[in-house]
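In what follows, a single structure is set out as structure tokens and then discussed.
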Amino acid sequence: MIFNLLGQKELIIGENKYTSPEYEAEFKAIKDENEITHNAHLDVVFYSKNKTELHAIEAKMMEWINSPKNLSPAYLKEEMYVDDNKKSSEFIQFFNSLIKKEKQYADCRFAHKTERYDAIQMTIHILALYNYICNGKNKSVKKVLLHNIVWKYEC
């Protein structure tokens with residue numbers, strides 16, 4: 001759906017020109033006990049022409065109808081954070097505020113406090129974008145906008 005809206009060409013929004021959109025863009029979030037990196041997958045990213053501004057889009061069509069996925073316990077362990085994340089304790093504290101304290105026995109993950117909105121997924125996206133801008137190799141980006149789009153369907 002978002003591909004049909006944006007296409008593959010450079011974007012012009014108002015007076016501003018942007019790069020061609022990159023779909024299903026991956027950004028490092030955390031690593032696990034086996035040093036395997038877990039990535040956040042954003043539906044679309046694009047940059048301003050001078051690469052100082054990054055727009056990331058997470059769009060939901062029907063996903064909000066289902067309950068959000070549960071949080072892996074790895075997100076609550078400081079040693080799992082990549083690139084010497086200086087804000088890991090703040091992310092852990094925020095993740096703790098989003099989950100129920102008892103684990104779900106089915107998959108040993110923590111359940112959401114919310115029933116529909118996937119606040120955990122959006123926080124993982126923020127974490128991954130933080131890693132990319134503050135801890136990664138991309139030092140040119142000075143402004144990041146994370147857009148969360150929920151498509152409205154009317155009968």
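Things worth noting here:
- Considering residues of the range 134-149 that are surrounded by fewer than 17 Cβ atoms within 10 Å (Cβ to Cβ) and β-branched (Val, Ile, Thr) only, the residue farthest from residue 78 (Cα to Cα): 149
- Of the numbered criteria (1) under 15 Å from the mean Cα position of the chain (by Cα); (2) modelled with pLDDT of 80 or more; (3) not β-branched (Val, Ile, Thr), the one residue 117 fails is (2).
- Filtered residues of the range 23-35 (kept if charged (D, E, K, R), over 21 Å from residue 141 (Cβ atoms) and open to solvent by 90 Å² or more (accessible area, probe 1.4 Å)): 33, 35
- Within the range 1-22, tally of residues that are in a strand (DSSP E or B), in contact with an Asp or Glu (Cβ under 7 Å, 6 or more places away or on another chain) and surrounded by 14 or more Cβ atoms within 10 Å (Cβ to Cβ): 1
- Selection from the range 36-60 of residues that are under 19 Å from residue 139 (Cβ atoms) and outside any loop (DSSP other than H, G, I, E, B): 45, 46, 47, 48, 53, 54, 55, 56
- On inspection, residue 46 does not qualify as surrounded by fewer than 16 Cβ atoms within 10 Å (Cβ to Cβ) and of a type in the set (Phe, Trp, Tyr).
The values are calculated or read from the model by the stated rules, or taken from the named source; none is laboratory data. Fair warning: this is a prediction, and the values are worked out from it, not measured in the lab. Ideal geometry is used to build each Cβ from the backbone, glycine not excepted, and the neighbour counts take in all protein chains shown. Note: areas computed on protein heavy atoms with side chains; ligands, DNA, RNA excluded. Shrake-Rupley method; radii C 1.70, N 1.55, O 1.52, S 1.80 Å.
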